[in-house]
């Protein structure tokens, strides 16, 4: 606020000062975040064509929750406990595990409930399927959500595990280690368009470095971005390369909080290296690991650029992700209502993870 | 330095080199002639050494290209956004952390609940809103939405909370006003936190893709990130691989330099933003 | 905050500038940043169009043209976003297939009464061209070309396989012959017979559509999707038999399939008219494996000749006509200039739209022009629809599912029909 410097003679009481200092942010916050948030919900209740409404504001039609129904539901949808046996049984198993871990006291009540709830969803949601003669109104929505989950499911462990190993190895204050850390971190600051630019060419079967190397050994190159078996892997590799840095730094910070004495004591018991990592580092890093995982989930659930620029969601929609579907529904198909309904869905999922993060953070603090 | 340490460094140097390869390759390709690249990208050492060498791609980029213009836009947008976020976050963060006023906890909660709203969930209503105002294709359209995100307020609030109260009290006893305390006492103390916030915001602004994609259609307001996306979506018809790669290098240079210079703050930023955000 | 606004305001003033009359122009075709103003010397779609635009900017008094970014992938998304945001470019290129959507919503200016005054003679347009830009009795654009799918031929590979007669390639006349030719090429040269972008842009869709039209079928009729039928199955299997026999690779995208053709790794490339001059120029180069380049009409494998075709045209937003008389006049001048340079645009390989150009010697003498004279007569497209883009996307996904992920033809066609029906019902 350049203005305040001119008003230094003015004496404000505490309330007035608070008002002056808070108003600018509250105004921007209210207008550009709170209002759009509610407006998004409002749009999702309408049949709202991007161009038609732009030319004639009355061209929208209130349709209640129909957009949600059209996006997420279908005709003759049934539920079965074994529609997707693997996923659903896995969900059941995790529920059991959560109960067991709680019983033996390995996890707190809140954590157990959180894991249990997530697993319950895993059991319930995949059970829905169109019955005889029925079908989803939008055949692409749930597969798109599924792809997003697969992307998150591959990227987050990929990032977390690699970052953890690197952080453990790099946790020394020397020049060489500092340099190595910089190298592993620097790709994080590149923009998504640079990253996809590099990797699109890296993966190209004709011009790509990977293909050039395969050629050298006489192999035939993989056509990464248009092969359904490799397209998702390609964007996961790209993403891990890109976003390892933050996770690594967070782990390094967490590692520095672990007391040296613990390691020295362990060394006396002949526990060092891998053993020390397993018995000392991991348990003491539990909080950081949770944090990294939740943050990465939130971050990668919103993936857009990699899919949009590298594979166009293909082949056969195998890399189509939620945010790209929202973008396409809004700006290619002009259907703002449907797109907004999907955006609300995205918000609910993200919100659930934010709450989870908050709860876990609180619990560890206490 | 003992032997196991030397082993560790050597063992890590290999993945580190592999990690660098994609970036090195981009830089190397940007220095090779386009007609050579059209035939092969592995002239020398798999293309990692820029031989045959040329500066033509960069020359062409600055002679005809729109890249310098996009570059300038990115600086304006990222700089403006950073400034805006700093102003809004320090003022609000200070008020929430140190001042007492009615409904304080309710207002604080209302501000921080916004952390839960992802950008992607509000870009459509934001788009229609800016369209109603006739604001698209402008610098403020590119800057404003991010200024409303409360992460900066949260960071600054945490920082101000950690400052001991006696400094403030001493000033109060001397009859110094609240705004003066904020300006002369608190802001200088907050410099490291502001630095951290500034770098985080700048990086975010420089790299943002989705919002500029829907808000800017005119060249005057293309950012470098957006411009680069427009180049790569049509490789087949583009000006040649070398030039595209040169644009990529130019787009990355400022953020990489910024990172290398202010590495300490970035690391701090990630740690603070991560553990508390 | 103040600083930000001042900076922004200052920059905005500099950017918009108080020029004579600036016409903003939106186009795709790809970027060509150093095109110059010589409309006779440039090569390739991006550079030819940009040289025409640059020339317009230099030669029309009191008008400067500002070309907007040329992002192919997001072009229609961005144009829509610009219209909805109230800032569409003053003139922009589009495909004829988008007219129902844009003109239907009132986005485009009806140019009918102003073309003559601007020096554009609509009676010189070929009837099909006039038809392409007409909608509900109005004229909503200035047509620039017809473009269609062609077969680009590597004559050396064809000759080695014994598929050249009297200096012309021998092309198949049935799906069985197609496979036989393909195997002949594979045996004689070891190379693939046919390459095309089956993995990225909807070139594979256009190929399939052509084969459906050749059986007098179409993907929808009025409000009813008609995809799950024998015509579609025949069309798809005519193509998949090549993949199954290993004489074509479905995984190549646009750039890779083009590169394969230029590298002499495929005897035929199915691609549009837009690359004829580019391939001609490439074939002349020493280092490019393709030497003997020939262009052929899309062959008839079934009953009736048909190939996918579309038109590029230039439109002006309705808002410009309504609110800015000077801007509208300037925009029309630019369209007139482009219309006058129809012959230069035809150098890309596209077919011209003006009778005077079509009948000229200059046009007939363009490289390879005499090799695909039959294309104009067999040009086809799907029925007009406001959801053209989404329908193409459905087809592209389901067809890719067949050749890239092994989805069964029956399932893919059934799914495509259901989804297209959904789109038609919306």
- So, of the residues in the range C:216-233 that are outside any loop (DSSP other than H, G, I, E, B) and in contact with a helix residue (DSSP H, G or I) (Cβ under 7 Å, 6 or more places away or on another chain), which turns out to be surrounded by the fewest Cβ atoms within 10 Å (Cβ to Cβ)? C:233
- Query: Within the range B:64-71, is even one residue more than 10 Å from chain A (Cβ to nearest Cβ) and within 30 Å of residue A:339 (Cα to Cα)?
  - Reply: yes
- Query: Just one of the numbered conditions (1) in a loop (DSSP other than H, G, I, E, B); (2) in contact with a helix residue (DSSP H, G or I) (Cβ under 7 Å, 6 or more places away or on another chain); (3) surrounded by fewer than 18 Cβ atoms within 10 Å (Cβ to Cβ) is not true of residue C:112; which one?
  - Reply: (2)
- Message: Just checking: which of the helices (runs of 4 or more DSSP H) contained wholly in the range A:21-99 hold 2 or more residues that are modelled with pLDDT under 90?
- Response: A:50-55
- Check A:333, A:316 and return the single one that is at pLDDT below 85, facing another protein chain (nearest Cβ under 10 Å) and crowded, with 18+ Cβ neighbours inside 10 Å. A:316
- Can you tell me how many residues in the range B:161-186 are within 11 Å of another protein chain (Cβ to nearest Cβ) and under 26 Å from residue B:113 (Cα atoms)? 2
- Only one of C:394, C:353 is in the same structural domain as residue C:54 (by TED's automatic domain parsing) and surrounded by 16 or more Cβ atoms within 10 Å (Cβ to Cβ); which? C:353
- Message: For the range B:135-146, which positions are over 16 Å from residue B:220 (Cα atoms), within 13 Å of chain C (Cβ to nearest Cβ) and either surrounded by fewer than 19 Cβ atoms within 10 Å (Cβ to Cβ) or at pLDDT 90 or above (or both)?
- Response: B:144
- Quick count over the range C:62-96, residues being at the interface with chain B (Cβ under 7 Å from one of its Cβ atoms), touching a residue at least 60 places away in the same chain (Cβ under 8 Å) and surrounded by 23 or more Cβ atoms within 10 Å (Cβ to Cβ), is 0
- In the set A:218, A:153, A:131, A:158, the lone residue that is surrounded by fewer than 22 Cβ atoms within 10 Å (Cβ to Cβ), more than 10 Å from every other protein chain (Cβ to nearest Cβ) and on the phi > 0 side of the Ramachandran plot is A:218
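Every residue, every condition in (1) more than 15 Å from residue A:305 (Cβ to Cβ); (2) more than 14 Å from chain C (Cβ to nearest Cβ), yes or no:
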{"position": "A:201", "(1), (2)": "yes, no"}
{"position": "A:204", "(1), (2)": "yes, no"}
{"position": "A:228", "(1), (2)": "yes, no"}
{"position": "A:233", "(1), (2)": "yes, yes"}
{"position": "A:238", "(1), (2)": "no, yes"}
{"position": "A:242", "(1), (2)": "no, yes"}
{"position": "A:245", "(1), (2)": "yes, yes"}
{"position": "A:254", "(1), (2)": "yes, yes"}
- For the range B:24-50, enumerate the residues that are in contact (Cβ under 8 Å) with a residue 40 or more places away in the chain, in a helix (DSSP H, G or I) and at the interface with another protein chain (Cβ under 7 Å from one of its Cβ atoms). B:26
- Query: Of A:297, A:280, which residue is within 17 Å of the chain's Cα centre (by Cα) and either part of a helix (DSSP H, G or I) or more than 29 Å from residue B:116 (Cα to Cα) (or both)?
  - Reply: A:297
- Message: Being more than 9 Å from every other protein chain (Cβ to nearest Cβ) and either over 13 Å from residue B:211 (Cβ atoms) or touching a strand residue (DSSP E or B) at 6+ places or on another chain (Cβ under 6 Å) (or both) is true for just one of B:110, B:131, B:92, B:97. Which residue is that?
- Response: B:97
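Here's the yes/no breakdown for (1) at pLDDT 85 or above; (2) under 27 Å from residue A:290 (Cα atoms); (3) not in a helix (DSSP H, G or I):
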| site | (1), (2), (3) |
| --- | --- |
| B:185 | yes, no, no |
| B:192 | no, no, no |
| B:229 | no, no, no |
| B:236 | no, no, no |
| B:256 | yes, no, no |
| B:271 | no, yes, no |
- Item | Count of residues meeting criterion [part of a helix (DSSP H, G or I) and either more than 10 Å from chain A (Cβ to nearest Cβ) or over 14 Å from the mean Cα position of the chain (by Cα) (or both)] in the range B:239-254 | 11
- Residues of the range B:51-66 being assigned to a helix (DSSP H, G or I) and crowded, with 24+ Cβ neighbours inside 10 Å, which ones? B:57
- Among the helices (runs of 4 or more DSSP H) contained in the range C:254-365, which hold 2 or more residues that are over 23 Å from residue C:28 (Cβ atoms) and touching a strand residue (DSSP E or B) at 6+ places or on another chain (Cβ under 9 Å)? C:355-358
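The values are calculated or read from the model by the stated rules, or taken from the named source; none is laboratory data. Keep in mind that this is a model prediction, so the values were computed, not measured. Backbone-built Cβ (ideal geometry, glycine too); neighbour counts: all protein chains shown.
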